[in-house]
Amino acid sequence: MEDRDTLINLCYTMLLIRRTEEKILELLLQGKLASSMCHVSIGQEAVAVGVCSAMQPQDYLTSTHRGHGHIIARGGDLRRIIAELLGRATGYCKGRGGSMHLVDINLGHLGSNGIVGGHIGIATGAALWSSLQNDGRVTVAFFGEGAMTEGIFHEAANMASLWRLPIVFVCENNQYAMSLPWTHATAEHSFARKGEAYGMPGVEVDGQDVLAVRQVALQAIEHARCGEGPTLIGAQTYRFLGHSRGDPSPYRDKEEENRQRARDPIRLYQERLFREGVLTQADVDAMEAKVTEVIADAVRFAEESPPASLDSVLEDVFA
Amino acid sequence: MRKIRYREALREALREEMQRDPRVFVIGEDIGRYGGAYAVTQGLLQEFGPKRIIDAPMSEAIIVGAALGAAIVGGRPVAEIMYIDFATLAMDQIVNQAAKLHCMFGGQLMAPLVIRTQQGTGRGAGPQHSQSLEAWFAHVPGLKVVMPATSFDAKGLLKSAIRDNNPVMFIEHKGLYALEGEVPEDEYTIPLGVADIKRPGNNVTLIAYSYMVHLALAAAQELSQIGISAEVVDLRTLVPLDMDALVTSVTKTRRAVVVHEASLFGGFGAEIAASLQEKLFNILAAPVRRLGGLHVPLPAHSQLEKQVVPNGAQIGQVVKEMVSTEVVARHEIA
């Protein structure tokens, strides 16, 4: 049984991600983001939070274009995240990376990435280095199911399994690669069989159940840390909103959307904690108030920060 | 001074850097047990073991990707891509990932990664094993591009590339591996971004790199027989580009010919010619000329292949067109 602090933290972190992304959408509509590229993960929070809660501080992760949740769940500095999105010099990437390129090397976050699947190679390399150094670290590669039809995924899965690298492949299967349904993108839908093809365990989990995700991730990370090699986790989730701004999701029917939205991972989890007597509505209200305050502070910090200087475009081309 | 082959010089550089720095490792196809398709890594598996000379499956994208990931978290990898043609299979990792990481992430990450590969004609290897693709990589901000022509340069530049904190495309030439050249026993490095005058001269500057340096040198030797003094400048690295050295040389000679094996159309010679003309228009005695490959897929037929790439006679011919004996005489008097 999980301790109370862990249970509450999972709830708090999911809420923080949800409310932050809602704020990001608001800032986007106000024209305050420095870049037009922005993909939110509303509906998918339990995967990021469940997996990151199972990681140790020394571990690494790589993230995707839909990566706000991963860096927040990893303990990223919300001030620097919002500052980055607003194009401020105080942002994680000095304001030049934006929503798709968040990174915090001090947290072992090796970057979110604009190329679907592109970062899976980097994750595999980090795990290779851990294996060569025997440093006890595990790398988590988050990706969407769209990345599983990219060549790099197959090369990475093959190499990682061949060399028993300490890596966990976490597929956040939100059912749509932009507009293309998962069922129209691949013939084999069983993660167990997909994993088997590479010689690694493939585990499917309800991605709307944060505790279930956490349990699967704990096992996979332990498996990797013991030198047993990679695991493929298929977390079944759903992107509540469009792929990006301006996507009204004409490819999904409303009945399906409503059915999926009824399985909101945050509400499901809160109801469970109410039932188990871990939280009361008053606790949740207090949590909401705290989240609101933390986000307001981050936005204030970002808005008061200097913009990225226009001269800075010439910086950091080479190390 | 002792003479060793280009491939031996490269091997010495790898061995010395691996001895110097335990973070250096090599990953690629057939580099361990087989010793490398062009025998550069021969013997290194026995010396350093399978954790530092890593035979990878035939997966170019993940070879580069894994090297890159290791580089980010503390390794100093050298990834070998057997033929530059196969780098096309790893272009996302090279172009979108390795080249961008440092800048895109605000300087937080570094990618100290060397991608060793080889290119060029001479073996009748055909359209998918003989291309010269350096201009693609030079065009991508964030990549360094190194193209050694001699054993001495190969060793000194590879050592510098391994010590560099940026992704480096280290492009060898398949026609040079057996070429012998002087290499000192003592350790040395050659900084990236410094061109080398391979032969001094006064009437024309022949600008080349990689295999074409040797054709330029042969052409310069022939031209000297008819009183034309050609200076041969070997770029050695395309990025960083030693433009100062070119300006200095061409200011002296007032004529320049750029020679490369890659397709002339859209080739790196265009960049050099344009830059020289922008900087030196008023002192040039003739337009900067370019020699490069025909804009065709390379034939596998060895004799046809020779038709596609520049040869020494063409270099001599172009120079003669630019430098009439009268002009030479006037220039020398002035």
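Values as computed for the structure displayed
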item	result
Over chain A: helical MRE at 222 nm, DSSP H runs n ≥ 4 each giving -39500 (n - 2.57), nearest 500	-14500 deg cm²/dmol
Residue exposure sequence - A:LYS254, A:LYS94 - by fewest surrounding Cβ within 10 Å	A:LYS254, A:LYS94
Stretchable slack from A:GLN58 to A:GLU315, in nm (0.36 nm times residue separation minus alpha-carbon distance)	89.6 nm
Span from the the stretch A:1-30 Cα centroid across to the the stretch B:125-145 one, whole angstrom	46
Extension gain (nm, one decimal) between A:GLU188 and A:ALA286, 0.36 nm per residue minus Cα-Cα	30.8 nm
Between 0 and 90°, nearest 10: helix B:212-225 axis offset from chain B longest Cα axis	20
Sequence of A:ILE71, A:ILE42 once ranked by neighbouring C-beta atoms within 10 Å, starting from the fewest	A:ILE42, A:ILE71
The stretch A:237-319: C-alpha pair distances exceeding 17 Å, %	72
Among B:VAL250, B:VAL168, B:VAL140, residue whose mean-square fluctuation peaks in a GNM of chain B (springs only between Cα atoms under 10 Å)	B:VAL140
Whole-Å distance, taken between Cα centres, linking the stretch A:142-187 and the stretch B:273-300	46
Per-residue HN-Hα couplings for the stretch A:263-274 [Karplus 6.51, -1.76, 1.60; θ = phi - 60°; Hz; x = Gly/Pro]	9, 5, x, 6, 5, 4, 6, 4, 4, 5, 5, 4
Size of the stretch B:92-170 as Cα extents on the principal axes (Å, biggest first)	44, 29, 15
Simple spin-label estimate for B:ILE197 and B:LYS279 in nanometres, 7 Å along Cα-Cβ	1.5
When each of A:LYS290/B:LYS100; B:LYS100/B:LYS306; A:LYS194/B:LYS174; B:LYS100/B:LYS279; A:LYS194/B:LYS159 is checked by Cα-Cα distance, pairs over 32 Å	A:LYS290/B:LYS100; B:LYS100/B:LYS306; A:LYS194/B:LYS174; A:LYS194/B:LYS159
Cα-based helix-to-principal-axis angle, B:268-280 vs chain B, degrees rounded to 10	50
Charge sum, other residues only, whose C-beta stays under 13 Å from A:MET37's C-beta, Lys/Arg counted +1 and Asp/Glu -1	+1
DSSP beta bridges in the stretch B:3-182 [antiparallel fraction, %, rounded to 5]	10
Prolate/oblate/rounded call for chain A, Cα gyration tensor, a/c under 1.5 rounded	rounded
Summed side-chain charge close to B:GLN119 - residues other than B:GLN119 whose Cβ falls under 14 Å, Lys, Arg +1, Asp, Glu -1	-3
Global size of the stretch B:171-210 as Cα Rg and Dmax, reported in angstrom	13.2, 36
Placed amide H near B:HIS129: partners under 5 Å, 5+ positions off or other chain	none
Other-chain or far-sequence residues with amide H under 5 Å of A:ALA89's (modelled H)	A:ALA308
If the convex hull is drawn through the Cα atoms of the stretch B:3-182, its volume per residue in Å³	100
Approximate spin-label separation B:SER324-A:VAL294, in nm, with each point projected 7 Å along Cα-to-Cβ	8.1
³J(HN,Hα) computed for each position of the stretch A:170-184 - Karplus, 6.51 cos²θ - 1.76 cosθ + 1.60, integer Hz, glycine/proline x	10, 8, 8, 7, 8, 6, 9, 8, 6, 9, 7, x, 3, 5, 9
Angle between chain B longest axis and helix B:243-253 axis [Cα atoms, degrees, rounded to 10]	20
Cα centroid separation, the stretch B:216-262 to the stretch A:278-319 (Å)	56
Burial ranking of peptide ranges B:175-188, B:105-118 (average Cβ count within 10 Å, highest at the top)	B:105-118, B:175-188
Built amide H within the under 5 Å cut-off of B:SER263, gap 5+	B:SER132, B:GLY293
Shape category assigned to chain B from the gyration tensor of Cα positions, a/c cut at 1.5	prolate
Sites A:LEU180 and A:ILE105, calculated FRET efficiency, Cβ-Cβ separation with R0 41 Å, nearest 0.05	0.75
The stretch A:98-106 - phi-based ³J(HN,Hα) in whole Hz, Karplus 6.51/-1.76/1.60, Gly and Pro as x	x, 4, 8, 10, 7, 7, 8, 4, 5
Ascending count of other beta-carbon atoms within 10 Å, so fewest first, for A:THR231, B:THR253	B:THR253, A:THR231
Antiparallel bridges, percent of DSSP beta bridges restricted to the stretch B:196-333 (to nearest 5)	20
Cα convex hull volume per residue for the protein assembly as shown (Å³)	168
Cα-derived Rg over Rh, computed across the stretch B:196-333 with Rh taken as Kirkwood radius	0.96
Shape category assigned to the stretch A:145-222 from the gyration tensor of Cα positions, a/c cut at 1.5	oblate
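Here, each number is a calculation from the coordinates, and none is a lab measurement. In this text the structure is predicted, and so the values were computed from the model without any measurement. Here Cβ is always computed from backbone atoms with ideal geometry, including for glycine, and neighbour counts include all displayed protein chains.
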